[in-house]
Amino acid sequence: MIAQAVLNEWYPVAMAAQVGAWPGRQTQLLGSDIAVFLDAGEIVVQRADGSALAVCLRYGHVWACLGTPAHDLFPIPEADQPGRRLVDCGVVRVKCSPLRAVENFLDIAHFPFVHTDVLGAEPHTEVGRYEVQIREDSDEVWATKVHFYQPQAAKSASGGIVTEYMYRVAAPTAAVLYKTCPNKPDAWDVIGIFVQPLTEELCEVWPWMALFDDATPQADLIQFQQMIFLQDRSILENQIPRLLPLDPGKEIPTQADMTSIAYRRWLKRKGLTYGAQMVAA
Amino acid sequence: MKLYDYVLSASCYKIRLMAALLGVKLDLVAVDFHPGREHRALAFRNLNPAGTLPVLVDGDLMLTESTAMLVYLAQASGRAWLGDSTPARAAKVQNWLAFSARLGASLGMARLHDMLIYPGDIDAFRRAGVECLRELEAHMTEARFAGRIFLEGDAPTIADIACFPNVALAPDGGVTLDDYPAIRLWSRALRALPGFIEMPGIHRLHELKPAPEAVPALEDL
Ligand SMILES: [Fe+2]
């Protein structure tokens, strides 16, 4: 039995540009079989019994809701900002809890170990103090003032820089990060991961970017992002337990894990427990 | 020398790795294999009608088979890597190049299925992959008993480079390497070679430091 709060959220189910005519994309959402296809120019998402789901198209992707949408899809104002390049990076399947995929995206401490010499490097493993809050107005988790030394922060970066990050959990299985733009120091590069929960232990992840970068070819931008995400994938598939534990008694706060703790607390408070386990590991 | 490349492709990695080990510089041209399927588009098929990656271009020469590219790189820049010191060894190297195609069709396809949602019979891919791994493990065990660590002879050859990527990436397709100690030792020997480069899913050797996976999870502290 899936909680109503889970059913009433938006989830990504396809890249909008890739949706074709029936049978289209045959996939799953929260354990239910669904089809995403083009019908008379409209993108339709339907259950196996033929009933249609609520759909919206944003940020290059098709979003669907199995229940009654509790609210509009979260805003990313930068998506409409002139001069930005929007890059759909395609899908990668990962055998892990959708919540763990998001939590890993929020974790800055893993950069030197998993993205060695690209997003982090030893001995620069220190994560300084930063701020984490659950914003009541937008009902989102934010981490701000995160600073980190990076050998190659982006495809367009030519050397090591201290990058500033902001992290944002905008939906139970969607997170957005803002990072120093190597080409335009007064602006943020925006990178999202949109996670489609197929089951509690299987997800498909759609990275998406909104960058100021006119120079780098599209294929290079996509492959840089895929390289980064595939470095995470093998870690994610080996995490034990597979479900994300939401038992607060087991959480030991350390500086690097503050965002993860806030994310878990926020999920628990909202009853968004699909992909989580409520008992101690 | 120009390599039309996809960062997650095991075959493309064979060529990047061989070139790195030989100290040969490649100009990489990223092809949007996924999600763009640029390798199937007309512009790319004008270059390679088969619509496959990698493609290696050196002047007038254009190669579309990774094993041929390995031969070319070794002939030009490191003949010892051909492994042709005796007729028997040269023939066995050819045998492994053919074996590498079986690895691609089994472990390679399992990986594409599990990672990039390619269609196909995943159980059949994995079964065929495990058969390959058992053959390889038996061979590497014999080699170890004879005091050798590489596939043929005392030094690494193009045979090792052709077979290594799809074997090392087997866990990406849901096939564990836990049962194959001789293969894991062979993998370590290759990763220790001077000039070795990584790809996502294939890590460099860390000097006796715990791998990040070995760090206890938050909830276990
Ligand atoms: Fe990561």
(message) Let me cross-check residue A:232: its accessible surface, 1.4 Å probe, with only protein heavy atoms counted, in Å² to the nearest 10?
(response) 10
(request) Note down the Stokes-Einstein diffusion coefficient of region B:2-79 in µm²/s, whole number, using a Kirkwood radius over alpha carbon pairs, 25 °C, and 0.890 mPa s. (result) 195
(message) Just to be sure I understand: of the beta bridges DSSP finds with both ends in region B:2-143, what percent are antiparallel, rounded to 5?
(response) 60
(message) So for region B:2-79, averaging the separation of alpha carbon pairs under 8 Å that are six or more residues apart and normalising by length, what relative contact order in percent results?
(response) 36
(message) Taking only complete DSSP H runs, can you tell me which helices of chain A stretch 27 Å or more along their own long axis by Cα positions and average at least 0.0 on the Kyte-Doolittle scale?
(response) A:218-237
(request) Note down the accessible area of residue A:166, probe 1.4 Å, to the nearest 10 Å². (result) 40
(request) Return the average number of partner chain Cβ atoms within 10 angstrom of each residue Cβ along peptide A:107-113. (result) 2
(request) When a/c is below 1.5 the answer is rounded, else prolate if a/b is larger than b/c, else oblate, so apply that to region A:98-211 with a ≥ b ≥ c taken from the square roots of the Cα gyration tensor eigenvalues. (result) prolate
(request) Between the alpha-carbon centers of region B:111-129 and region A:13-38, tell me the distance in whole angstrom. (result) 21
(message) At R0 = 41 Å, how high is the FRET efficiency between residue B:75 and residue B:116 if r is their beta carbon distance? Nearest 0.05 is fine.
(response) 0.80
(request) Among B:149, A:12, A:226, flag the residue with its Cα farthest along the positive direction of the charge dipole of the protein assembly as shown, charges on Cβ as +1 for Lys/Arg and -1 for Asp/Glu. (result) B:149
(message) Restricting to bridges with both residues inside the protein assembly as shown, how much of the DSSP beta-bridge set is antiparallel, in percent to the nearest 5?
(response) 90
(message) For Cα pairs less than 8 Å apart in space and 6+ apart in sequence, what is the mean separation divided by the residue count of region A:4-65, i.e. the relative contact order in percent?
(response) 35
(request) Note the direction-averaged projected area, equal to a quarter of the hull surface, for the Cα convex hull of region A:4-65, in nm². (result) 4.0
(message) With the alpha-carbon atoms as the only input, what is the per residue convex hull volume for the protein assembly as shown in Å³?
(response) 162
(request) Find how many whole Å separate the alpha carbon centroid of region B:10-36 from the alpha carbon centroid of region A:161-185. (result) 29
(request) Could you check how much of the accessible area of region B:2-79 is carbon and sulfur, as a whole percent, using a 1.4 Å probe? (result) 52
(message) Show me the ranking of peptides B:117-128, A:185-196 by mean Cβ neighbours inside 10 Å, starting with the highest.
(response) A:185-196, B:117-128
(request) Using a 1.4 angstrom probe, figure out how much accessible area the protein assembly as shown has per residue, in square angstrom, rounded to the nearest whole. (result) 42
(message) How high is the relative contact order of chain A? Use alpha-carbon pairs under 8 Å, at least six apart in sequence, and give a whole percent.
(response) 21
(message) Suppose we compare each residue of region B:98-116 in its chain alone and in the full protein complex with a 1.4 Å probe; which ones drop by at least 40 Å² of accessible area?
(response) B:114, B:115
(request) With the full set of protein chains in place, find how many percent of the accessible area of region A:82-277 is carbon and sulfur; take the probe as 1.4 Å. (result) 52
(request) Would you calculate the separation in nanometres between label points at residue B:60 and residue B:85, each defined as 7 Å from the Cα along the Cα-to-beta-carbon direction? (result) 3.6
(request) Please give the residues from region A:215-248 for which the solvent-accessible area of heavy atoms, probe 1.4 Å, is smaller by at least 20 Å² with all protein chains in place than with the chain isolated. (result) A:219, A:220, A:222, A:223, A:226, A:227, A:230, A:231, A:233, A:234, A:235, A:240
(message) How would chain A be classified by its alpha-carbon gyration tensor: rounded, prolate or oblate, with rounded meaning a/c under 1.5 and the a/b versus b/c comparison settling the rest?
(response) oblate
(message) Starting from the 7 Å offset along Cα-to-Cβ, what nm value, one decimal, do you get for the label separation of residue A:47 and residue A:164?
(response) 4.8
(message) Explain nothing, just the number: dipole magnitude of the protein assembly as shown about its Cα centre with +1 on each Lys and Arg Cβ and -1 on each Asp and Glu Cβ, in debye rounded to the nearest 20.
(response) 700
(message) At a cut-off of 30 Å², which residues of region B:8-32 become less accessible once all protein chains are present than in their chain alone, using a 1.4 Å probe?
(response) B:8, B:30, B:32
(message) Under 21 Å between alpha carbons: how many lysine pairs meet that in region A:82-277, if sequence neighbours fewer than 8 apart on the same chain are excluded?
(response) 6
(request) Just give me a number: lysine pairs in chain B, eight or more positions apart or cross-chain, with C-alpha atoms less than 24 Å apart. (result) 4
(request) Tell me the GluC sites (Glu not before Pro) within region A:136-196 that lie in a loop according to DSSP and have at most 10 other beta-carbon atoms within 10 Å. (result) A:136
(message) Using a 1.4 Å probe and counting only protein heavy atoms, how much accessible surface gets buried when B and A come together, both sides summed, in Å² to the nearest 100?
(response) 2700
(message) How much length would be gained if the chain were fully extended between residue A:38 and residue A:126, taking 0.36 nm per residue of separation minus their Cα-Cα distance, in nm to one decimal?
(response) 26.8 nm
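The values are calculated or read from the model by the stated rules, or taken from the named source; none is laboratory data. A quick note: this is a predicted structure, and the numbers were derived from the prediction, not measured. Neighbour counts run over all protein chains shown; Cβ positions are idealised from the backbone, glycine included. Areas reflect the complete protein model, heavy atoms only, side chains present, ligands, DNA and RNA absent. Shrake-Rupley method; radii C 1.70, N 1.55, O 1.52, S 1.80 Å.
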